[in-house]
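These notes are about the structure you will find just below.
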Amino acid sequence: MELYEYGMNELIAMLKKGEISSVMLTKSLIDHIEEKDKDIGAFLYIDREGALKAADKADKERKEGSDKPLLGIPVAIKDNICTKGTKTTCASRMLENFIPPYDATVVERLKEAGAVIVGKTNMDEFAMGSSTENSAFKKTVNPWDYGKVPGGSSGGSAASVAAYEVPAALGSDTGGSIRQPASFCGAVGLKPTYGRISRYGLVAFASSLDQIGTFGRNAQDIALIMNAISGHDDHDFTSAPGKEVYDPDDIKGGVRGLKIGLPKEYFGEGVNSEVKDSIYAAVKQLEERGAEVEEMSLPYSEYALAAYYIISSAEASSNLARYDGIRYGHRAEKYEDLIDLYACSRSEGFGKEVKRRIMLGTFVLSSGYYDAYYKKALEVRTLIKNDFDKAFEKYDVLMSPTAPTTAFGFGEKSDPLEMYLADILTVPINIAGLPSISVPCGLAGGLPVGLQIIGRPFEEKTLLKGTYMIQEITGKLRPEVR
Amino acid sequence: MEFEAVIGLEVHAELRTKTKVFCGCTTEFGGQPNTHCCPVCLGLPGTLPVLNKSAVEYAIMAGLALNCNISKFSKMDRKNYFYPDLPKAYQISQYDLPLCKEGYIELETDKGTKKIGIIRAHLEEDAGKLIHDENAGTSFVDYNRTGVPLIEIVSYPDMRTPEEARTYLTKLKSILEYTEVSDCKMQEGSLRVDTNISVRPKGSEEFGTKVELKNLNSFRVVYKALEYEFKRQVDAVKNNEKIMQETRRWDEDKGITVPMRSKEAAHDYRYFPEPDIVPIEVSDEWIEEIRKKIPELPYQKKDRFIKEMGLPSYDAGVITSDKALSDFFERCVELYGNPKTMSNWVMGELLRAMKETDIDSEDLPISPEQLVRLQNMVDNGKVSISMGKKVFDSMFKTGDDPEVIVKEKGLSQISDADALNEVICKVIENNSKSVSDYIGGKKKAMGFLVGQVMKETKGKANPQMVNELMRQELDKMQKN
Amino acid sequence: MDIDDKTVDYVAKLARLNLDEQEVMDLRGDLSQIVGYVAKLRELDTSNVAQTAHVLPLKNVFREDMVKSSMNRKVVLANTEHKQDGFFVVPKIFE
């Protein structure tokens, strides 16, 4: 078996025993990435030198007795998370040459835990998109079928884990950008509760919705990453106080007595029937193992997508206003005056989808429209959140398909509204700030189906328990080697 | 038909916190360009603001000193616009839920006390500084000042004359200085004033077209600009000309207001709640805690000066209107004891010297210690009072110690009886007519003789002693 | 709701984006479609509903007024070529 085929837990054990060194492991993985990624295209940048240096340091520290939890383990980082001294582009021409002078808190914490950062992964530009087709630089394909998208916006991170390039990768999720690509690529993807993980260093898209999360191949790996990066941060005052550590063994506890709700609005007409069948089959198995399953309703679900697009576009239009090329980023060479410099730099630097969202966001905040759109959306947000709060009085978790379909083909969703509908099952969770995970539960038409588990605020542990159980039932998915 | 002005003032004051409002960079003035910056205040991608507690407290303290209601629930909002001195392209400010509301300042006018209402005072962050190079066609940006906390204080348009506006500003400045929330140095930009003015016939309730005046860099300029603008608007109304609603600035050379080159159509700031800063809840306990920290305010100090030090109301008012001045005065009293003596110096020589040299009370070249030592020398007879005033002038010009000045200029009072008698005898010898006048009963003649002694000694003779000795000498002569 | 060219132009100016004719046309269509979709929210009566601007019930999160060291100026200016004597350089601004 190749080193890249092992899971994180196994690699940690092997490193501890001295069976392999981190340098060996890192070299093996990067060699494999450089080969495999010619087809997959998950990485925007591979830092061989930096990674090997970090791996070497990890090996030395291990000899000195260090027991850092992720010592010597290679991971990948989505390219909208700042890495000091290394380009962070958000897959946009606007930041093509931007080198942050600081590490995001999650990157700092990964380093403190001893992890080796292998490279930065591809994404939809500024995290706006559901297929990674909006990257300004390259195409990432779905490891299961190179003619299909990996999902988005964290398509690169999802593909890198699913294609066995790295055992874990960080992503970000604003409306489903971790869960949906996890679902399309057959990986596990967790979006934690809003505030669980520091946003400091995550290039902002929609501040009240963004969260950093992680991809992995199983629940224990996710728990290990979470332990390293989660917890209050003094640089992010929207991060929740305190820190919780997950015992990877604890999540094997089983699902007896777990009250599961199936929101009927998430199993409607727009959802592919094979996908639904896959979910029902997995849920039935959970029922046989002692879970209590019931259909229920989240009545305001149909308004979530509209509220999401208003809130996220509005916040994005403000968060992206700083890109003018004066302090960093793309700066136009031909312009007439200062105002034109701004307009040219921004128009040249941003792609179509980004411009579209900025325009929409600017519009809904402009005078005369604020009350009808933005204020309204914030009120509807309360209604959606209340829906979930009420549901969680009765149920421990809610389950649904992560996406209405399996991975679609490149160029298939050219109408923006059609593309937005791909997010319809994940978006309400961001609006309410809840934790949610996507776990592969089967195949439909040869492509992975993701099952979404939604939990109460800060109950990621329950999600991991459910994830573990489902993977026990369905086995781990692995794309055919091509 | 008589017209009146309707004037409102908007004042921005930098809060005296050690660090910026959303990051830990220093707020120190000066400093090489772009050396007080960090990823947060530069607005680098991925950064987040973290709110400085002191900034909030100072803002609340200012609000309390301005008799405002402090909002129990308050939040920050984003004000979105593009400008090179604004790195995030939005300013974190407060829109609909400001920290402080509905306050007032009382002005003493010649018609009695007038209350000027304050609509609101809120917390926000400052932008950077721009320097323009006309010839090169470029501008330079320094972000040191970006993120310094500001309090914006908006008055009701309650002022009716430029004089009232100036009085309001002086009073507001002294309150902010006294509470120590701001050092209010207009020349360093820690106090900025914008004003708006419209005119209407006296007695009318309707409002005329408002014109905004900006870039006013001293209270004097505010006064002159308002004065000019009032006249311009009245003339326009009288000539049936339309007054444009616009922003104008003061042209110092020409002594007029001119329209500012319009940046663009009225800004659409697209305010929305700042998602990165959670709301602020101000409890009654917190308000009381802050209220206790408020240093003595000007009107309280004035009362104390009148009651405890026995100063006349006018003097107390003048001294307490300026914090640095009253601090100076109090230190003198602390060292010397007698408030009346010290207030004589302050109200007399000190204010005069300040006016002549155009030096502010914050930049006095002399210290309270020096002034007290000078007064001690007068008390000891080392220097006469009139000499003392000369020493003061020198001290104020050079900052040198009084002892040094007296020594160098040989201004020591002659209090040596023998030396004086020598001069007295000489004067008596040379002024036999006056002497016989005095002996003959014209007591006033002694004044002349004493004056001659003073003249001979170039003012250095101790006048009391001269009087004493002269009288003795003359009486001796009379007996003979 | 139909968004006209004038609105698209106004919003583009506000957002500091230059759009060519094709883009204006495309955006006009896109925006109208999206705006029509989100206008759906008007179906709901939210007159008694509070706004949720923050999902976590956090309040009064502050930091102490303690000075931290600033960035070295070289680093501040590192991501642009347009700098001079320690300043960032921009085309002249008219006041």
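I'd like the projected area of chain B, averaged over all directions, using the convex hull of its alpha carbons. Report it in nm² with one decimal.
Averaged projected hull area, Cα only: 32.5 nm².
Looking only at chain A, where both bridge partners belong to it, what percent of the DSSP beta bridges are antiparallel (to the nearest 5)?
The answer is about 70 percent antiparallel.
Rank-order B:175-183, B:200-208 by packing density, defined as the average count of other C-beta atoms within 10 Å over each peptide's residues, highest first.
B:175-183, B:200-208
Give, to the nearest whole percent, the P(r) tail of the stretch B:112-199 beyond 16 angstrom, counting all Cα pairs.
Roughly 64 percent, once rounded to a whole number.
Simple spin-label model, 7 Å along Cα-to-Cβ: residue B:369 to residue B:170 in nm?
In this crude label model, residue B:369 to residue B:170 measures out at 3.3 nm.
I need the peptides A:49-61, B:159-171, A:442-454 ranked by packing, meaning the mean over residues of other C-beta atoms within 10 angstrom, with the highest value on top.
The densest-packed peptide leads the list: A:442-454, B:159-171, A:49-61.
Could you give the nm distance between label points at residue B:231 and residue B:3, where each point is 7 Å from its Cα heading toward the beta carbon?
With each label placed 7 Å out from Cα toward Cβ, I get 1.2 nm.
Given 4 °C and 1.567 mPa s, compute D for the stretch B:369-450 with the Stokes-Einstein relation, Rh being the Kirkwood radius over Cα pairs; round to the nearest whole µm²/s.
For these conditions, the coefficient is 89 µm²/s.
For the stretch A:56-155, what mean projected area does the convex hull of the alpha carbons give, in nm²?
7.3
Quick one: if the Förster radius is 60 Å, what FRET efficiency do residue B:432 and residue B:355 give, using the C-beta to C-beta distance and rounding to 0.05?
Taking R0 as 60 Å, the efficiency between residue B:432 and residue B:355 is 0.85.
Hey, what D do you get for the stretch B:1-148 in µm²/s if you plug the Kirkwood alpha-carbon radius into Stokes-Einstein at 10 °C and 1.306 mPa s?
After rounding, the answer is 91 µm²/s.
Set Lys and Arg Cβ to +1 and Asp and Glu Cβ to -1, take the dipole of the protein assembly as shown about its Cα centre, and tell me which of A:283, B:216, B:324 lies farthest positive.
B:324
Holding the Cα-Cα limit at 31 Å, pick out from A:243/C:74; B:242/C:6; A:375/B:292; C:6/C:40; A:394/C:40; A:87/B:20 the pairs that are longer than that.
A:243/C:74; A:375/B:292
Can you tell me the order of B:332-345, A:457-470 when each peptide is scored by its average per-residue count of other Cβ atoms within 10 angstrom, highest first?
A:457-470, B:332-345
Plugging the Kirkwood radius over Cα pairs into Stokes-Einstein for chain A, at a temperature of 25 °C and a viscosity of 0.890 mPa s, what D comes out in µm²/s?
Taking Rh from Cα pairs, D becomes 111 µm²/s.
If one takes the longest principal axis of the Cα atoms in chain B, at what angle in degrees, from 0 to 90 and to the nearest 10, does the Cα axis of helix B:298-309 lie?
Once rounded, one gets 20 degrees.
Pull up the cross-link candidates among the aspartates and glutamates for residue A:352, meaning alpha carbon to alpha carbon under 15 Å and not fewer than 8 places away within one chain.
A:124, A:125, A:133, A:415, C:20, C:21, C:23, C:26, C:30
How much of the DSSP bridge set in chain B is antiparallel, in percent, rounded to the nearest 5?
Given both bridge residues lie in chain B, the antiparallel proportion sits at roughly 95 percent.
Cross-link partners among lysines for residue B:433, C-alpha distance below 22 Å, same-chain residues fewer than 8 apart left out?
Leaving aside lysines fewer than 8 places away in the same chain, those within reach of residue B:433 are B:442, B:443, B:444, B:455, B:476, B:479.
Per-residue Cβ counts within 10 Å, from other chains only, averaged over A:232-241: what number is that?
5
Give the calculated FRET efficiency between residue A:68 and residue A:252 to the nearest 0.05, with a Förster radius of 25 Å applied to their Cβ-Cβ distance.
0.60
Tell me the relative contact order for chain C as a rounded percent, counting alpha carbon contacts under 8 Å between residues six or more apart.
Over chain C, the number comes to 20 percent.
Averaged over every viewing direction, what's the projected area of the C-alpha convex hull for the protein assembly as shown? Give it in nm², one decimal, please.
Across all orientations, the protein assembly as shown yields a mean hull projection of 55.6 nm².
Can you pull out the GluC sites (Glu not before Pro) in the stretch A:319-373 that DSSP calls coil and that have at most 11 other Cβ atoms within 10 Å?
Those satisfying the criteria are A:333, A:336.
Counting residues in the stretch B:3-285 as N, plug N into 2.2 N^0.38 Å and put the Cα Rg over that result.
Here the answer is 1.03, to two decimals.
Charges at C-beta only: +1 for Lys and Arg, -1 for Asp and Glu. How large is the resulting dipole of the stretch A:104-221 about its Cα centre, in Debye rounded to 20?
Charge dipole, the stretch A:104-221, about its Cα centre: 100 debye, nearest 20.
Using a Förster radius of 41 Å, what is the FRET efficiency between residue A:61 and residue A:39 based on their Cβ-Cβ separation? Nearest 0.05, please.
According to the calculation, E is roughly 0.70.
Quick check: the distance between the Cα centres of the stretch A:21-100 and the stretch C:38-95, to the nearest angstrom?
Spelled out, the Cα-based centre of one part sits 30 Å from the other.
Express in whole angstrom the spacing between the alpha-carbon centres of the stretch B:20-45 and the stretch A:262-310.
49
Can you give the extra length, in nm with one decimal, that the chain gains between residue B:303 and residue B:161 once fully stretched, where that is 0.36 nm per residue apart less the Cα-Cα distance?
That pair, residue B:303 and residue B:161, stretches by 48.3 nm at full extension.
Can you give the Rg/Rh ratio of the stretch C:1-84, where Rg is from the C-alpha atoms and Rh is the Kirkwood radius?
That ratio is 1.20, to two decimals.
For a footprinting-style exposure proxy, rank B:466, B:378 by other Cβ within 10 Å, fewest first.
Result, fewest neighbours first: B:378, B:466.
Under a straight-distance cross-link criterion of Cα-Cα below 17 Å, which lysines are reachable from residue A:252, leaving out those fewer than 8 residues away in the same chain?
Cα-Cα hits under 17 Å: A:461, A:465, A:476.
Report, as an integer, the average count of C-beta atoms from other chains found within 10 Å of each Cβ along A:448-461.
The shielding value for this peptide is 0.
Relative to the present Cα-Cα distance, how much length would full extension add between residue B:478 and residue B:258 at 0.36 nm per residue of separation?
In short, 71.3 nm is gained.
For the stretch B:256-399, what's the radius of gyration and Dmax over Cα atoms, in angstrom?
Rg, Dmax (Cα atoms, Å): 23.3, 72.
Give, as a single signed number, the net charge of other residues whose beta carbon lies under 11 Å from the beta carbon of residue B:437, with Lys and Arg counted +1 and Asp and Glu -1.
My count for the surroundings of residue B:437 gives +4.
Given that compact globular proteins tend to follow 2.2 N^0.38 Å, what is the ratio of the alpha-carbon Rg of the stretch B:259-343 to that value?
Rounded to two decimals, the normalised Rg is 1.91.
Let me know the volume per residue of the alpha-carbon convex hull for the stretch A:258-342, in Å³.
Value for the stretch A:258-342: 194 Å³ per residue.
Relative to a virtual label point 7 Å from the Cα of residue A:234 in the Cα→beta-carbon direction, which members of the stretch C:68-91 show backbone nitrogen distances below 15 Å?
Counting only backbone N, you get C:68-70.
Looking only at the stretch B:35-79, which residues have a backbone nitrogen under 18 Å from a spot 7 Å from the Cα of residue B:285 in the C-beta direction?
From the stretch B:35-79, the list is B:57, B:72-73.
Separation between the residue A:87 and residue C:69 pseudo-spin-labels, each 7 Å from Cα along Cα→Cβ, expressed in nm?
Between residue A:87 and residue C:69, the label points sit 3.0 nm apart.
For the stretch B:417-479, with only Lys/Arg (+1) and Asp/Glu (-1) charged at the beta-carbon, what is the dipole magnitude about the Cα centre, in debye rounded to 20?
260
When B:260, A:359, B:470, B:454 are ordered from fewest to most other Cβ atoms inside 10 Å of their Cβ, what list results?
B:260, B:454, B:470, A:359
Take the eigenvalues of the Cα gyration tensor for the stretch B:417-479, scale each by 5, and report the square roots as semi-axes in whole Å, largest first.
Semi-axes, largest first: 18, 11, 10 Å.
Throughout, read-outs are computed from the coordinates displayed, never taken from laboratory work. Bear in mind that the values here come from a model prediction, so they are computed numbers and not experimental data. So basically every Cβ, Gly included, is an ideal-geometry build from the backbone, and we count neighbours across all protein chains shown.
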